[in-house]
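Rule-based calculations on the coordinates, nothing more; no lab input. If you're wondering where the values come from, they're calculated on a predicted model, not measured in any experiment. Every residue, glycine among them, receives a Cβ derived from its backbone with ideal geometry; neighbour counts consider all protein chains shown.
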Amino acid sequence: MIFRKLYYCLKPAIPYAWRLSLRQWHARRQWQRHGSTWPVDERLGQPPPGWSGWPGGKRFALVLTHDVEGTVGLDQVFLAASLVERWGLQASFNLIPEGDYQVMPDLLHRLRESGHEVGVHDLHHDGRLFESRRAFNNASRRINHYLQAWKAVGFRGGFMLRNLDWIRDLEIAYDASTFDTDPFEPQPDGARTIFPFYVEPEGDRRGYAELPYTLVQDSTLFLYLQQDNIELWKRKLAWVAERGGLALLVCHPDYMQWGGQPVARGRYPARLYEEFLRHVRETYDGQFWSARPREMAEFVTENKACLGRTLRRGRPYRRVCFVGPLFYDSDNRTMRYAESLARRGDDVEVIAVRRPGESPVIQVNGVQVWRIRERQRNEKGRASYVVRLLSFCLHSAWFLTWRQFRAKYDLIHAHSIPDCQVFAALVPKLCGARVILDIYDVTPEFYLSKFQAAQDSPWYRAAILVERVSAHFADHVISANHLWHELLISRSVPRARCTPFVNSVDTRLFYPRSRARQDGRLVVVYPGILNWHQGVDIAVRAFRKVKDRLPAAEFHIYGDGNEKERLLHLIQDLGLRECVFIKNIVPLAEIPQIMADADLGVVAKRNDVFGSQAYSTKIMEYMTQGLPVVLSRTEIDAYYFNDSQVRFFEPENVDDMVAKMVEVLQTPGLRSTLVANAFRFVQQNSWATVSPQYLGLVDRLIRNGQG
């Protein structure tokens, strides 16, 4: 903000050639940084809930707009208008009321007579309109005067600067100062959508339609990126058309050069614009609704029940970042949070780790994932485990700080383990972001289980201290189940600042699949992390006896972790290499079908200080696929489930686990009863029923600034 103000103060004294060179240098850097998400950002193509399409059933909408910045542009307005008319289209021309030229009534009349539209472009076009509320209040009265005098209903801020809340003071039907994504603009936070939306009124202040431009500006394409073709226009238009969105283009008559003269610096051949118009007609004729901005605003207003947005802190979305040493594509808890926010239109990022060979940057269902460090779950001792986690904390803190100054975050959602991961959000918190600490696993008890330590260990006491300090730093703490909720309240956080969110299953992903396997085998399945407290070795020992009674049985394990090598040796020692298979971890999206093709799901957790209270998400995931479950009767599982839904066995009792597995596999009536009761439980406790509570917590934290 400070640098932007300084630039616009100094701009009149900076020669144009210098400014152009500076913009070109900046554009090249931004393209290198954002090439994976610009001009096409896959996260932004989702239609709003309830979207019923464009008038006449058209595939997409097209709006052409032109900003006239100086006398050169004013002299070439009708050349640009004639070019648009030649291809059977109409457009708008946005004029500066108190700029470097004078707008004559005859110009307005001729444009309207030709079927075009006139809009107000800023006031002075000096980059200072939104410097302060007082300055905007004074300017808004003048802008409203010109809106009325010109019979205009639309506005666009100079340099795409804006404050959508303040713009409510203007007597307009639409604003066109936003974009879906454009990292080259001085105010780069976009509207995050390729669809128009309606900014809801507030009090006695009016609402209006917001029309984001979605195609690359001609100045960016030809002047700053110095392209000599329209391939980026074609590429983005094809994507917008495929998604059924709004293709809105901003061009400047000032920068067009007509005729066959050599192209001057800071200009581009007008034939490139004509080539785009020809491409639109020849490629998409009959597929698009060609509208002027005024007509688009009427459509948006009529459909505001679907397209309406309530501004949050002057913006139509929230910026949320999740951070933790997690593998995003297999971390269903983080995916549920992040994708729920993304679906409602928020800008969501995740800072995570990656496996060897994976890409450092991906997009998943509207979520931008930065995988900043490589990690393998093969820590053998305390030192290597702690060093790896702390290393990620430091790197994620640096990355979050860098991202914070690129575009301000509203909320940071940090995941343990470790609890101190929350301090990566220090700089965003100092800048006003709210912070959630999500305690997946209670670190002190996890430490005791992982390293078989005693409760009088100094490491255990240190972990409790870190938990308390981390919880105090956070604005709110989330616990992964109700038992841990009470534990955290008893030692680290006030009840009012702690909320339990159980690992509820997301039925958008875990909807019932049809069984694809019919080969006579009996497949027992376990997908998950291979840690000691998970008791997978107990399940392997039990399966050795199950195999004796059911020769067609196989045990499929999908996962990775520090117990993997030990399990492989155990399988070999027990002679199970032909029927027990440890397979590589697979993306979460593949797990439902794997479960649907199995015959039994198992959870064999140990009943130690950690495992007894660690809730397993996979239980409900099994249930969604009609898979009966055999699990150890730990404190946490007995809290949530009963004997009508699952088959319990005594923890760490191999013979009891064998008996329950064989009983379920050999008794069709029992299987049917368990499956039916379990599915009813899932329907009552899925993420769809819980997610509104999480979204409400996020909104409350940001709105009220308190936990």
Original post:
Can you give the % of DSSP beta bridges in the chain that are antiparallel, to the nearest 5?
Top reply: 10 percent
Original post:
What is the log10 of I(q)/I(0) for the chain, computed with the Debye formula using one identical point scatterer on each Cα and no solvent, at q = 0.05, 0.06, 0.08 Å⁻¹?
Top reply: -0.31, -0.44, -0.72
Original post:
Put a dot 7 Å past each Cα toward the Cβ at R517 and E98; how far apart are the dots in nm?
Top reply: 7.5 nm
Subject >> About the Cα centre, charge dipole magnitude for the stretch 133-234 (Lys/Arg +1, Asp/Glu -1 at Cβ), debye >> reply: 520 debye
Original post:
So, with +1 on the Cβ of K and R and -1 on the Cβ of D and E, and no other charges, what is the size of the charge dipole of the stretch 12-107 about its Cα centre, to the nearest 20 debye?
Top reply: 660 debye
Original post:
So which of K583/K618; K408/K618; K429/K618 end up more than 25 Å apart by C-alpha?
Top reply: K408/K618; K429/K618
Subject >> Cα centroid separation - the stretch 92-151 against the stretch 657-707, whole Å >> reply: 57 Å
Subject >> 13 Å beta-carbon shell around Q518, net charge (K/R +1, D/E -1) >> reply: 0
Subject >> Simple spin-label estimate for R281 and Q148 in nanometres, 7 Å along Cα-Cβ >> reply: 4.1 nm
**OP:** Please label the shape of the stretch 202-243 as rounded, prolate or oblate, based on the square roots a ≥ b ≥ c of the eigenvalues of the alpha-carbon gyration tensor (a/c under 1.5 means rounded; beyond that, a/b larger than b/c means prolate, else oblate).
**Re:** oblate
Subject >> Calculated FRET efficiency for the pair A552/R491, C-beta based, R₀ 60 Å, to 0.05 >> reply: 0.75
Original post:
Which is farthest toward the positive dipole end of the chain among T443, N138, T71, measuring Cα position about the Cα centre, with Cβ charges +1 (Lys, Arg) and -1 (Asp, Glu)?
Top reply: T443
Original post:
Using only the Cα atoms of the stretch 94-140, what do you get for the radius of gyration and for Dmax, in Å?
Top reply: 13.0, 38
**OP:** Using Cα pairs closer than 8 Å and at least 6 residues apart in sequence, work out the relative contact order for the chain, in percent.
**Re:** 10 percent
Original post:
Taking Cα atoms of the stretch 522-685, Rg/Rh with Kirkwood Rh, to two decimals?
Top reply: 0.93
Original post:
For S416, S691, what ranking results if the residue with the fewest other Cβ atoms within 10 Å of its Cβ goes first?
Top reply: S691, S416
**OP:** Putting +1 on Lys and Arg Cβ atoms and -1 on Asp and Glu Cβ atoms, find which of T673, G357, H109 reaches farthest to the positive end of the dipole of the chain.
**Re:** G357
**OP:** At 0.36 nm per residue, minus the direct Cα-Cα distance, what do R28 and Q684 gain on full extension? Give it in nm, one decimal, please.
**Re:** 231.0 nm
Subject >> Within the chain, helix-based [θ] at 222 nm, where runs of 4 or more DSSP H residues each add -39,500 (n - 2.57), nearest 500 >> reply: -12000 deg cm²/dmol
Subject >> Förster radius 30 Å - calculated FRET efficiency between T499 and V469 (Cβ-Cβ, nearest 0.05) >> reply: 0.95
Subject >> Dipole magnitude of the chain about its Cα centre (Cβ charges: Lys, Arg +1; Asp, Glu -1), debye to nearest 20 >> reply: 820 debye
**OP:** For E242 paired with S82, estimate the spin-label separation in nm (one decimal), with each label point 7 Å from Cα along the Cα-to-Cβ line.
**Re:** 3.8 nm
Original post:
Going by how many other Cβ atoms sit within 10 Å of their own, how do K547, K151 line up, fewest first?
Top reply: K151, K547
**OP:** Multiply the residue separation of C306 and N138 by 0.36 nm, subtract the distance between their alpha-carbon atoms, and state the gained length in nm to one decimal.
**Re:** 57.1 nm
Original post:
Can you give me the Cα centroid spacing of the stretch 464-531 and the stretch 217-237 in angstrom?
Top reply: 47 Å
**OP:** Name the aspartates and glutamates eligible as straight-distance cross-link partners of K304: C-alpha to C-alpha under 12 Å, and not fewer than 8 places from it in the same chain.
**Re:** E200, E210
